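Student: Sharing a structure with you now.
The values are calculated or read from the model by the stated rules, or taken from the named source; none is laboratory data. Since the structure is predicted, the reported quantities are computational estimates derived from the model, not experimental observations. A quick note on method: Cβ atoms are made from the backbone with ideal geometry, for glycine too, and the neighbour counts reach across all protein chains shown. Note: areas computed on protein heavy atoms with side chains; ligands, DNA, RNA excluded. Shrake-Rupley method; radii C 1.70, N 1.55, O 1.52, S 1.80 Å.
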Amino acid sequence: MPNLTRRHLLGAATALPLLGLSSVVRAAEPDLSALRDLTTGAQPITVAERQGRIARAQALMKANGIGAVLIEPGASLVYFTGIRWGRSERLTAAVLPIEGDPCIVTPFFEEPRTRETLAIPAQVRVWQEDEDPLKLIAGFLRDRKLAHLPVGIEETVRFFAVDGLRKAGMKVVSANAVVRGCRMIKTPAEIALMQLATDVTIAAYRWLHPRVEKGMSQRDVSALMDAATRKLGGDPEFSMVLVGEGAAYPHGTKTPSPVAEGRIVLMDCGCAVQGYQSDVSRTFVYGTPSTEQRKVWDVVAHGQQVAFEAARLGAPAGSVDDAVRAYYASLGYGPDYKLPGLSHRTGHGIGLDGHEPVNLVRGEATRLAAGMCFSNEPGIYIPGSFGVRLEDCFHMTESGPKWFSTPPRSIDRPVA
């Protein structure tokens, strides 16, 4: 899915309809008795795996001359420490030193709750409301004799934290080489959780597709998808539904468009299983597809295969996007990002975040390696008419790319 905050999509696509009580009831009370939880056997990430991640990060710190890495709440904090925390003006953060156990810095009154999800051995240092937590972090680095080395900053850390470290006399640099160097390469345990999340999303699509009815609003369809996802054991992250002309714009429009005979229905949905995400798009027609709809759908389906075949070990990530654009241009779409054609990148990284570095986009020189995971979604959009997007994720193995979900081959069986 193109880059857009998932929660924004939830607000746009899944809020209750303002009109039509009957549609609200229909969407809120579906018969889910045929569905079962697919995630009961999910294996959580172990303490040993998290410690292995920290060891890998420390090796990368040594290779890059970094003394420690600062991480705020978010996916990277979960990745290394297990701590699930929201961001506020009160800083909770982890400091990963080049040697030894990490340090967790948190407000004094939050220490018991912080420890509830801490999944690794770590020192915990607390600060009081009248104290500066950045000075506490600087003190930890001095205690570990690391104050003379640069502090790597995880890329989502806020400015006030970076500025506070600078004022405390610390030199700061990017931690991308460390954090990306760990998170971009998924382990078998991570792949297994992403596979479960994808299995849930595919099962929800299969349940939903025959239940889409004429006159349903986009929100009705989205609510059904979310309900099925929950019953199947997933935590819904987003369920965007675009109908008719709205599908010509990758993230739709504010104009409502109910399901109707001959209209395209483009769905972009994903969920999380123990934090690891899926991202799958399906496009179908309610009723009988037109010749043009069928033609564009077939082109996009082949575009997915072009991207998949271009994803070779050692190839620059950007070459996947290049291959798709060359194929589309040969058919008269584009060129480049021009419409009708593909107006966004071919794919993005995925894992604990729905969008992670690196992307399958022109100019991306990072070379594909085993363990990297990507979406594959080379849509075609025709303004004023409709759009088609098919999206399946894949992961790189030692023998090349492997699908998390098998792309559909026909508009007549769009979720098979």
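Student: When residues of the range 75-89 are filtered for being touching a Lys or Arg at 6+ places or on another chain (Cβ under 9 Å) and either aromatic (Phe, Trp, Tyr) or more than 23 Å from residue 55 (Cα to Cα) (or both), how many remain?
Tutor: 4
Student: To continue, here is another question. Anything in the range 354-367 that is part of a loop (DSSP other than H, G, I, E, B) and buried (at least 22 other Cβ atoms within 10 Å of the Cβ)? List them, or say none.
Tutor: Of everything in the range 354-367, just one residue is part of a loop (DSSP other than H, G, I, E, B) and buried (at least 22 other Cβ atoms within 10 Å of the Cβ), namely 354.
Student: Pull out all pairs, ordered by first then second residue, where Cβ-Cβ is under 7 Å, the residues are six or more apart or on different chains, the first lies in the range 302-316 and is under 8 Å from residue 401 (Cβ atoms), and the second is open to solvent by 10 Å² or more (accessible area, probe 1.4 Å).
Tutor: 308/401; 311/401
Student: Looking only at strands (runs of 3 or more DSSP E) that lie completely in the range 113-231, which have at least 2 residues being among the hydrophobic types (A, V, I, L, M, F, W, C) and more than 30 Å from the chain's Cα centre (by Cα)?
Tutor: Fully inside the range 113-231 and qualifying: 123-127.
Student: While we're on this one: So in the range 280-317, with the set limited to residues that are in a helix (DSSP H, G or I) and among the basic types (Lys, Arg), which one is farthest from residue 363 (Cα to Cα)? Steps first, please.
Tutor: Going residue by residue through the range 280-317, those that are in a helix (DSSP H, G or I) are 291-310.
Filter again for among the basic types (Lys, Arg), leaving 294-295.
Working: 294: 32, 295: 30 Å.
Ranking the qualifying residues of the range 280-317, first place goes to 294.
Student: Restricting to the range 90-112, name every residue that is in a loop (DSSP other than H, G, I, E, B) and open to solvent by 40 Å² or more (accessible area, probe 1.4 Å).
Tutor: 90, 99, 100, 101
Student: Still on this structure: Any residue at all in the range 395-403 that is β-branched (Val, Ile, Thr) and surrounded by fewer than 20 Cβ atoms within 10 Å (Cβ to Cβ)?
Tutor: Yes, that holds for at least one residue.
Student: If you go through the range 136-147 one residue at a time, do you hit one that is in contact with a Phe, Trp or Tyr (Cβ under 6 Å, 6 or more places away or on another chain), under 19 Å from residue 73 (Cα atoms) and open to solvent by 10 Å² or more (accessible area, probe 1.4 Å)?
Tutor: yes
Student: Restricting the search to the range 61-79, which residues are closer than 25 Å to residue 113 by Cα and free of Cβ contacts under 8 Å to residues at least 60 places away in the same chain?
Tutor: Quick first cut of the range 61-79, residues closer than 25 Å to residue 113 by Cα only: 68-79.
Within the range 61-79, 73, 77 meet the criteria.
Student: What residue, among those in the range 113-131 that are in contact with a Gly (Cβ under 7 Å, 6 or more places away or on another chain) and open to solvent by 20 Å² or more (accessible area, probe 1.4 Å), is modelled with the lowest pLDDT?
Tutor: 117
Student: Taking residue 175 and the conditions (1) within 27 Å of residue 372 (Cα to Cα); (2) open to solvent by 30 Å² or more (accessible area, probe 1.4 Å); (3) small (Gly, Ala, Ser), which numbered condition does it fall short on, given that it satisfies the others?
Tutor: Every condition holds for residue 175 apart from (2).
Student: Do you know which residues across the range 267-279 are of a type in the set (A, V, I, L, M) and more than 18 Å from residue 42 (Cβ to Cβ)?
Tutor: Hit for the range 267-279 is 267, nothing else.
Student: If we keep just the residues of the range 368-388 that are under 17 Å from the mean Cα position of the chain (by Cα) and outside any strand (DSSP E or B), which is surrounded by the most Cβ atoms within 10 Å (Cβ to Cβ)?
Tutor: Top of the filtered list is 378.
Student: Also: Hey, does the range 335-344 have a residue that's of a type in the set (S, T, N, Q), surrounded by 15 or more Cβ atoms within 10 Å (Cβ to Cβ) and either modelled with pLDDT under 95 or farther than 29 Å from residue 192 by Cβ (or both)?
Tutor: yes
Student: Tally up the residues in the range 260-279 that are in contact with a strand residue (DSSP E or B) (Cβ under 8 Å, 6 or more places away or on another chain) and part of a strand (DSSP E or B), please.
Tutor: 11
Student: Moving on. Just to be sure, is residue 334 outside any helix (DSSP H, G or I) and either closer than 15 Å to residue 375 by Cα or without any contact (Cβ under 8 Å) to a residue 24 or more places away in the chain (or both)?
Tutor: Taking the combined requirement at face value, the residue satisfies it.
Student: Any idea which of (1) at pLDDT below 95; (2) open to solvent by 20 Å² or more (accessible area, probe 1.4 Å); (3) under 23 Å from residue 199 (Cα atoms); (4) hydrophobic (A, V, I, L, M, F, W, C) is the one residue 13 doesn't satisfy?
Tutor: Of (1) at pLDDT below 95; (2) open to solvent by 20 Å² or more (accessible area, probe 1.4 Å); (3) under 23 Å from residue 199 (Cα atoms); (4) hydrophobic (A, V, I, L, M, F, W, C), only one is false for residue 13: (2).
Student: So, one more: Return the residues of the range 51-73 that are under 25 Å from the mean Cα position of the chain (by Cα) and open to solvent by less than 30 Å² (accessible area, probe 1.4 Å); say none if nothing qualifies.
Tutor: Listed by number, the residues that qualify are 53, 54, 57, 60, 69, 70, 71, 72, 73.
Student: In the range 275-322, which residues are over 16 Å from residue 349 (Cβ atoms), open to solvent by 30 Å² or more (accessible area, probe 1.4 Å) and small (Gly, Ala, Ser)?
Tutor: Correct list: 287, 290, 314.
Student: Yes or no: residue 115 of a type in the set (Lys, Arg) and free of Cβ contacts under 8 Å to residues at least 40 places away in the same chain?
Tutor: Criteria met by residue 115.
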